[in-house]
Structure formats: structure tokens, C-alpha cells
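A quick write-up on the structure given underneath.
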Amino acid sequence: MRVPDYPIGRPPATPSLAAILRERIQRDGPLRFADFMALALYEPTLGYYARETRQVGRDGDFFTSVSVGPLFGELLARRFLHEWRTLGSPARWRIIECGAHDGSLAHDILQAIAQLDPKAFSALEYAIPEPLPRLQAAQREKLATFDRQTRFLTDASELVADPRPGIAFGNELLDALPFHVVERNENRWSECRVAINRDDQLGWEMHPITDATLREALARLGDDFPDGYRTEVRTNFSDFLEPLTRSLTAGLLLWPDYGFARPEYYHPDRKTGTLRTFSKHRAAEDPLATPGEMDITAHVDFTAVAEAAIALGCQPTVFRNQGAWLTQIGREWLLSLEGQTASAELRQFQTLTHPAHLGGSFHVLELSWNQAAPGPSAADCHRLALQACPPHQSR
Ligand SMILES: C[S@@+](CC[C@H](N)C(=O)[O-])C[C@H]1O[C@@H](n2cnc3c(N)ncnc32)[C@H](O)[C@@H]1O
């Protein structure tokens, strides 16, 4: 799958990530934060995600819904099977999982589909685009028992020649896509780039906005911001989503992640944005401190995702907090519990849905896709995206 700024090619000869960053800054000048983040997380051998697979879970740096247990995968499997039936139970269908990490969620989903609907299972191709070799090796190992269903790729564009009906999704994937950092002063935005400061350390440097795509994205945020307001903006959703839509004839794109609708994300009171780093379950805010040693993330502007998807011809159909969404798709499973009050699965459900855990701050955006349906005019994308992602929603 193609994401701008995702570094591709041979790793430089220098062994340390800090040395690579310095070399890049000395050669090309201050780095855009998205380029810095792409190197810090995804440099093919030294990046945070390239070096090992232990980032997620109790012994790692952070939890995700996958760490809670297999129930998340089972509920996703139920949603995907519903989609398969809605599509007319096609004889060949595809699930594309992006950001599959060590393959745990894929394993939970495949196991559940095999149990719930053997016919759908035998018609399924489960495709995992993964540019990082170490993660792909972990996925192949974890999914060895599903070798008839799985397909491993480095890039989603490899599927475009043979599109099928199905689903593309990624759990906590969009928050890991590189973003730009910007600051507002005297009614003007500047881009915060990464430079080498007078103390010979990595530091921030302000630059005028020269990138037209970033300028357009900033124009959509309005202009009611106090001086010193710092935030993040992603301009790569369209490049990310496009090969996924082209790999599916019809179906669903689905994105669970932490984030907000735009009016909540870019609220004037959110003066320091949402950029965070994670290491050993501790959140911090200085992404320049130890590049390659910690995760770097920021919340997702779901309105921007919807805008990019609408422009590609998708239709946003659901935007809900994870608690409400899982309760809806898990109805049949909940009814099947028949009066049980305590079980490992119920505890997982509570963690996944409780507003104080993962149910409140996480949201799910569903987009329906049909290659044959006409897309809206460019002028309509903005209005439709704002309607699709209402702020403070809890439907
Ligand atoms: C926060 S982790 C989430 C892992 C897993 N989905 C989960 O929920 O536990 C983000 C993952 O997205 C992957 N990733 C980021 N950008 C990607 C891209 N363009 N293509 C495929 N994977 C990507 C990272 O390598 C990492 O494994």
C-alpha cells in the first residue's frame, strides 16, 4: 500500500536511526514532521515498528482492542459475515487487513469466521499488505494454519489487478499514519519542522506553509484559534485509501481508532493538539526525544477521512463510538449468552465498550463502496463529510 513519506528502499549504511536523521537534516534541511515520523516508526530496519513485534500488549508499550482478547476479532467477524451476505454471499470475497501487526487480530477473525460460517470461510481470501519484513514474517508464522485463506503482500496495490467484493479495514491504523505539525500565531499557520538546534540536539523550527495540499487542509479548519495553538494534520488519507477501493469491486471500508469529528478535534481549547508518544505504557509528548524507541501517534480527524473517502466515491454510512458500535454489531452474540452474568468474554466486552475504557474515546467509521456507483462532485465532499461525522455523537 502506498503512503507518502513511507520510506522504501535499502536502509542507509549508517547503523543508528539518530545518525540517519541527522544526515537527512544536514543534507536536505529541516525535516517535515511527517518525514521524521515515517523514519522514526518505519525506517525498514531501525524504525520503531520495524525492529520487533512486542509493541502491543502487556509486555509492550500500549494496549489495543486486540490485546483485550479474541472477542474483538469475533465481533468484527460477525460484522464482516453480515457484509458478505449483504453482498449476495459471493463465491470469492476478500478481507484486506491493514496494520495487522503480529497477525493476532487476523487469527481471531479467521478462527471466528471458520466456526460461524464454513461456506463463507472457504470462499474467503484474507489479504495482509505489510511493508515491514519483520512484521510480515510474524504474520506468516501466526497464521500458518490458515495458509489456504491468507495472502501476504508488501503493498495493497498488488490486489488492484484482481478486485473482489469484500472489506478493507485496520484497527488503530490511521492514527499511525504520518502527520504534519502546525502552529498558529498572529492569525497565520506555520509548519513545525525538525532541525538540529544550537545545542546540537533535534529541535523544532517554524517554517511558512509552502505545501498546497497542507494549505488547503488548514483552510478547512477555520480561523478561530488562539496564538500558540499547535496541532496535527494528515494529508495522506486519499493516497492510503485509493488502492484499497481499487482492490474491491464493492463492499465496506471500516476504521476503528481514537479520534474525533473535526469540530471536536480542532476545538480552540485543544491548544496542544493530540500528539503523544508511548513507551512501556507511559504517554509523553516529546516525539524528538528518542526516535525509534517509542511509538508516535495522534488522534484521527474522522471528518478528513470521510472527505478523502467521499472524493474517491465511498459513502460514509456509520460513525459511532466503539461502545455503541460493538453493542449494535454484537446483538446476536449478546442474546446468545442467555443470562450469563460473568464470563471472560463478557469482561472483554465491558472493556471494549465501557466509556471509561475503549468504548468512549474510540470511534468507528464505516464507508460503503461500490466501484460502479458514481462519486459526488468535488464541491460536495466537504459538506457531506461534515454531515457524516457529527461532533459529540453517541448514536
Ligand atoms: C498501533 S499499531 C496497531 C496494531 C494492530 N492493528 C492492533 O490493533 O493491535 C499500528 C500498526 O500499523 C502499521 N502500519 C502503519 N502504517 C502502515 C501502512 N501504511 N501499511 C501497513 N501497515 C501500516 C504499523 O506497522 C503497526 O503495526
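The values are calculated or read from the model by the stated rules, or taken from the named source; none is laboratory data. Since this is a predicted model, take the numbers as computed values, not measurements. Reconstructed Cβ throughout: ideal geometry from the backbone, glycine too, with neighbour counts over all protein chains shown. What goes into the accessible areas is simple: the full protein's heavy atoms, side chains included, and nothing from ligands, DNA or RNA. Shrake-Rupley method; radii C 1.70, N 1.55, O 1.52, S 1.80 Å.
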Response to the item:
Just one listed residue, out of Q115, Q136, Q149, is polar (S, T, N, Q), out of contact with any His (no Cβ under 6 Å at 6 or more places or on another chain) and open to solvent by 60 Å² or more (accessible area, probe 1.4 Å), and it is Q115
Worksheet item: Do you know which residues across the range 161-207 are open to solvent by 40 Å² or more (accessible area, probe 1.4 Å) and within 30 Å of A120 (Cα to Cα)?
Response: A161, D162, P163
Worksheet item: Just checking, which of A250, A219 is surrounded by fewer than 22 Cβ atoms within 10 Å (Cβ to Cβ) and closer than 30 Å to R85 by Cβ?
Response: A250
Worksheet entry | Long-range neighbours under 6 Å by Cβ, at least six apart or interchain, first residue under 22 Å from E285 (Cα atoms) and away from the ligand (no atom under 16 Å from the Cβ) within the range 22-41, second among the aromatic types (F, W, Y) and open to solvent by 10 Å² or more (accessible area, probe 1.4 Å) | none
Worksheet item: So, in the range 267-280, of the ones that are under 20 Å from Y49 (Cα atoms) and open to solvent by less than 80 Å² (accessible area, probe 1.4 Å), which residue ends up modelled with the lowest pLDDT?
Response: S279
Practice prompt. Considering each of E130, E83, E141 in turn, give the residue that is among the charged types (D, E, K, R), within 16 Å of the ligand (Cβ to nearest atom), in contact with a Leu (Cβ under 8 Å, 6 or more places away or on another chain) and modelled with pLDDT of 95 or more.
Written response: E130
Worksheet item: Is the range 106-124 home to any residue that is on the phi > 0 side of the Ramachandran plot and out of contact with any Pro (no Cβ under 8 Å at 6 or more places or on another chain)?
Response: no
Fill in: Odd one out for T213, checked against (1) at pLDDT below 95; (2) under 24 Å from the mean Cα position of the chain (by Cα)
(1)
Worksheet item: Can L214 be described as more than 30 Å from L81 (Cα to Cα) and part of a loop (DSSP other than H, G, I, E, B)?
Response: no
Worksheet entry | Count of residues meeting criterion [closer than 19 Å to S368 by Cα and open to solvent by 10 Å² or more (accessible area, probe 1.4 Å)] in the range 85-112 | 7
Worksheet, complete the sentence: The residue that is farthest from the ligand (Cβ to nearest atom), considering only those in the range 42-55 that are open to solvent by 10 Å² or more (accessible area, probe 1.4 Å) and among the hydroxyl-bearing types (S, T, Y), is T45
Discussion item. For the range 56-78, give me each residue that is near the ligand (Cβ under 9 Å from one of its atoms) and buried (at least 21 other Cβ atoms within 10 Å of the Cβ).
Written reply: T64, S65, V66, F72
